[in-house]
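Chemist: Below: one structure in structure tokens.
The values are calculated or read from the model by the stated rules, or taken from the named source; none is laboratory data. Remember, predicted model here, so these are calculated numbers, not experimental data. So basically every Cβ, Gly included, is an ideal-geometry build from the backbone, and we count neighbours across all protein chains shown. When the accessible area is computed, the model is the full protein with side chains, heavy atoms only, and any ligands, DNA or RNA have been set aside. Shrake-Rupley method; radii C 1.70, N 1.55, O 1.52, S 1.80 Å.
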Amino acid sequence: MNILFVADPIESFKIYKDTTFAMMRELQKRGHRVASTEPRFMSWRSGQSVIGQVRHLQLNNHADDWYTVTSEALEPVHSFDAVLMRKDPPFDSEFFYTTHLLEQAEREGAKVFNSPRALRDHPEKLALMEFAAFAPPTLVTRNANELRAFHAEHRDIILKPLDGMGGVGIFRVGPDGMNLGSIVETLNEGGATSVMAQAFLPEIAAGDKRLLLIGGKVAPFVLARIPQGNEVRGNLAAGGKGVAQPLSNEDRAVAEAIAPVLAARGLLLVGLDMIGNKVTEINVTSPTCFQEITDQTGFDVPAMFVDALEAALR
């Protein structure tokens, strides 16, 4: 099969940990052909198909020179057997517009994973709110007074922007309320920007766990991203230490309640973030941690993903 990745520039990949690279490698190992494009190289002219400037790739066994471009051309997106949308956040206007181009490609016959419509319908912070029974107390608002009232109620809270990634813009405000006003002003920009507030979960000391939901099933290992030093964030991009561990029965019960619901909506791959037994985020744009889990446990996450992709295409 011919598989097209819509992703960030492949020149920027850190292949020792990149999940998109791990997907490509597993696909090529099975005899599938891989190609890449970027949202900025896609276009749609009225009355014609959505096209992209596509580079067909051959992966090499070299850490630095890891791919060869075997050919490059403008091609219809729907001409591929599958399209994998792997563009990293932020989910900004350009990401939004790309989902519309990909949805048009679907109308032309493309099979896109994750579904463009599902990506729009499940913004990564807000998607959590549908599953409130599994989440900590959470508030989404532009109103600074509501945020202050939420802090007064819960005393120890986390504040974060709705469009952040990698732990950027996450703040903890403890019982003393230190810097609450300044943090709220910074995040909500005088009421112009929505902010998410959540009750602080002390279980973060044991890690912010990434569970992988693949084709409606739950991978048997998770990656606990453990904050280091005085840091409150476990994100790997913020210096957290990733420790793979078996999926607990408690976490499995939560994940198995959510996984089939999201899979039925066209979300082939979901990264469920949990602290303790609470879900804190539902990541659908380009979930990661494949290589960390595989390297530490021997469980082949890329193989599980490609099995699910092949099944979906059948």
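Chemist: When you check residue 252 against the structure, is it over 21 Å from residue 163 (Cα atoms), charged (D, E, K, R) and in contact with a His (Cβ under 9 Å, 6 or more places away or on another chain), yes or no? Before you say what the answer is, go through the steps one by one.
Modeler: On the way: over 21 Å from residue 163 (Cα atoms): yes; charged (D, E, K, R): yes; in contact with a His (Cβ under 9 Å, 6 or more places away or on another chain): no.
It is false that residue 252 is over 21 Å from residue 163 (Cα atoms), charged (D, E, K, R) and in contact with a His (Cβ under 9 Å, 6 or more places away or on another chain).
Chemist: How many residues, within region 92-116, are of a type in the set (Phe, Trp, Tyr) and surrounded by 22 or more Cβ atoms within 10 Å (Cβ to Cβ)? Give the steps one after another, and end with the answer.
Modeler: Here is the first cut: in region 92-116, the ones of a type in the set (Phe, Trp, Tyr) are 95-97, 113.
Going one step further and asking which of them are surrounded by 22 or more Cβ atoms within 10 Å (Cβ to Cβ), we end up with 113.
Total meeting the criteria: 1.
Chemist: Could you grab me the full set of residues in region 64-91 that are touching a Pro at 6+ places or on another chain (Cβ under 7 Å) and surrounded by fewer than 19 Cβ atoms within 10 Å (Cβ to Cβ)?
Modeler: Listed by number, the list is empty, since nothing qualifies.
Chemist: Any residue in region 113-133 that is in contact (Cβ under 8 Å) with a residue 12 or more places away in the chain and of a type in the set (Asp, Glu) sitting within a Cβ distance under 9 Å of a residue that is assigned to a loop (DSSP other than H, G, I, E, B) and open to solvent by less than 10 Å² (accessible area, probe 1.4 Å)? List the pairs, counting only those 6 or more apart or interchain.
Modeler: 124/284; 124/285
Chemist: Let me ask another. Residues to consider are 255, 244; find the one that is of a type in the set (Gly, Ala, Ser), in contact with a Ser or Thr (Cβ under 8 Å, 6 or more places away or on another chain) and touching a residue at least 24 places away in the same chain (Cβ under 8 Å).
Modeler: On the way: 255 fails: in contact with a Ser or Thr (Cβ under 8 Å, 6 or more places away or on another chain).
Result: 244 is the single residue among 255, 244 that is of a type in the set (Gly, Ala, Ser), in contact with a Ser or Thr (Cβ under 8 Å, 6 or more places away or on another chain) and touching a residue at least 24 places away in the same chain (Cβ under 8 Å).
Chemist: For region 297-314, what are the residues that are in contact with a Phe, Trp or Tyr (Cβ under 6 Å, 6 or more places away or on another chain) and either open to solvent by 50 Å² or more (accessible area, probe 1.4 Å) or of a type in the set (Asp, Glu) (or both)?
Modeler: Step one: filter region 297-314 for residues in contact with a Phe, Trp or Tyr (Cβ under 6 Å, 6 or more places away or on another chain), giving 297, 299, 301-302.
The answer is 299, and nothing else.
Chemist: Taking strands (runs of 3 or more DSSP E) that fall entirely within region 227-296, which contain at least 1 residues that are among the polar types (S, T, N, Q), crowded, with 21+ Cβ neighbours inside 10 Å and modelled with pLDDT of 95 or more?
Modeler: Working: elements: 241-246, 269-275, 278-283.
Output list reads 278-283.
Chemist: Would you pick out the residues in region 86-95 that are under 20 Å from residue 268 (Cβ atoms) and assigned to a helix (DSSP H, G or I)?
Modeler: Applying the first criterion (under 20 Å from residue 268 (Cβ atoms)) to region 86-95 yields 86-89, 91, 95.
The answer is 95, and nothing else.
Residue-wise test of (1) among the aliphatic types (A, V, I, L, M); (2) at pLDDT below 95.
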site: 158; (1), (2): yes, no
site: 181; (1), (2): no, yes
site: 185; (1), (2): no, yes
site: 200; (1), (2): no, no
site: 216; (1), (2): no, no
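Chemist: OK, next. Could you run through region 16-34 and say how many residues are open to solvent by less than 30 Å² (accessible area, probe 1.4 Å), of a type outside the set (A, V, I, L, M, F, W, C) and within 18 Å of the chain's Cα centre (by Cα)?
Modeler: 2
Chemist: Hey, another quick one. Please list, ordered by first then second residue, the pairs with beta carbon atoms under 8 Å, 6 or more apart or interchain, first in region 147-161 and within 9 Å of residue 172 (Cα to Cα), second in a helix (DSSP H, G or I) and not aliphatic (A, V, I, L, M).
Modeler: Here the result reads 157/150; 157/151, each pair linking region 147-161 to a residue that is in a helix (DSSP H, G or I) and not aliphatic (A, V, I, L, M).
Chemist: Search region 157-178 for residues being farther than 28 Å from residue 120 by Cα and in contact with a strand residue (DSSP E or B) (Cβ under 7 Å, 6 or more places away or on another chain), and hand back the single one that is least open to solvent (accessible area, probe 1.4 Å). Give the steps one after another, and end with the answer.
Modeler: Initially, region 157-178 is screened for residues farther than 28 Å from residue 120 by Cα, giving 172-178.
Pick out the ones that are also in contact with a strand residue (DSSP E or B) (Cβ under 7 Å, 6 or more places away or on another chain) and you get 172-173.
Details: 172: 111, 173: 1 Å².
Restricting to residues being farther than 28 Å from residue 120 by Cα and in contact with a strand residue (DSSP E or B) (Cβ under 7 Å, 6 or more places away or on another chain), the top hit is 173.
Chemist: For region 188-208, name all the residues that are in contact with a helix residue (DSSP H, G or I) (Cβ under 9 Å, 6 or more places away or on another chain), under 24 Å from residue 132 (Cβ atoms) and open to solvent by 20 Å² or more (accessible area, probe 1.4 Å). Before the answer, list the steps.
Modeler: Within region 188-208, the subset in contact with a helix residue (DSSP H, G or I) (Cβ under 9 Å, 6 or more places away or on another chain) is 188, 190-191, 193-200.
Subsequent filtering for residues that are under 24 Å from residue 132 (Cβ atoms) retains 188, 193-200.
Scanning region 188-208 gives 193, 194, 200.
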